[in-house]
Amino acid sequence: MVDMWDLDGEAVEERVEFDRQVRDLVWRETKRRLGFGEHEGPATANTLNPTSAAAMHLHLMYLQVATQTGETAQRLATAAAERAGRAGATYADLGLSAGITRQAARKRWPGTVGTQWMLYLLTGKSRPHGMITRVFRNGEKAIETGRTAVDEGALAEDGAVGAVVIDSSRQAVWACYFHDGTCAPEEIALPEVLRTVPRTGEDGHSDWLHRWEQHITSLL
């Protein structure tokens, strides 16, 4: 959990304002469930006689709404963690965003990281080649799709002639090209220089694509 003492002044103000908005949301929903209009009923949760039955009823309803708000927030957080994991985030990234440790993030959202596989397809039988990129949540599905695309690539002039699958740690885990001699996809081990793939937009990504294209072209 993020410690308020670890935040700078602007961040503290933002956190205080966010907490206020959440409290207002819970309070408005509490009053709505109790049948009060927007401008009706007690102004705050502490307006009523603290020992009255009405106060107890109000506080129990507030507790119910606050609990459900927390449950909803946890579901939203889990969905966000899953999407971030598919986009390539690590447990350290998730922990930093959630204000917890990497180990705590792994325990809270097991199986979230490593759920993205990128499939790169090199297309066209001659230069200039084209490039198709697809994202999968399942590594086996990514490989199967890549193999099928290369296998069927010979049927079209702009079909796939090479494929590579990259996991969420940006490591090339599988590659193949269309072997004219066997008329079928042939799996290959990429050279060391091609096994780690920079992210799109990072320095070196375009260079990697160029080197990979050269490597596949040299096999065709």
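The values are calculated or read from the model by the stated rules, or taken from the named source; none is laboratory data. Here the structure is a predicted model, which is why all the values come from computation and not from measurement. Here Cβ is always computed from backbone atoms with ideal geometry, including for glycine, and neighbour counts include all displayed protein chains. Accessible surface areas use protein heavy atoms only, side chains included; no ligands, DNA or RNA. Shrake-Rupley method; radii C 1.70, N 1.55, O 1.52, S 1.80 Å.
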Over the chain, give the accessible area per residue in Å² for a 1.4 Å probe, as an integer. 62 Å²
Between Thr101 and Ser52, what length in nm is gained on full extension when 0.36 nm per residue of separation is reduced by their alpha carbon distance? 13.3 nm
For the pair Asp180 and Arg15, what calculated FRET efficiency results from E = 1/(1 + (r/R0)^6), where r is the Cβ-Cβ distance and R0 = 45 Å, to the nearest 0.05? 0.10
Theoretical ellipticity at 222 nm over the chain - DSSP helices of four or more residues, -39500 (n - 2.57) apiece, nearest 500: -16000 deg cm²/dmol
Looking at region 32-107, which GluC sites (Glu not before Pro) are DSSP coil and have at most 10 other C-beta atoms within 10 Å of their C-beta? Glu38, Glu40
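Dividing the alpha-carbon radius of gyration of the chain by 2.2 N^0.38 Å (N being the number of residues), what value is obtained?
With N residues counted in the chain, Rg over 2.2 N^0.38 Å equals 1.58.
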For the chain, which whole-number percentage of the solvent-accessible area (1.4 Å probe, protein heavy atoms only) is attributable to carbon and sulfur atoms? 54 percent
Report the GluC sites (Glu not before Pro) located in region 151-208 that are in a DSSP loop and have at most 15 other Cβ atoms inside 10 Å of their Cβ, or state none. Glu157, Glu202
May I ask you to derive the FRET efficiency for Leu155 and Ala79 from their Cβ-Cβ distance with R0 = 35 Å, giving the value to the nearest 0.05? 0.30
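Hey, if we sort Phe136, Phe36 by accessible area with the 1.4 Å probe, largest down, what's the order?
Result, largest first: Phe36, Phe136.
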Straight-distance crosslink candidates among aspartates and glutamates, where the alpha carbon sits under 15 Å from Lys125 and sequence neighbours closer than 8 are dropped: Asp151, Glu152, Glu157, Asp158, Asp180, Glu213
Relative to the present Cα-Cα distance, how much length would full extension add between His39 and Ser206 at 0.36 nm per residue of separation? 54.2 nm
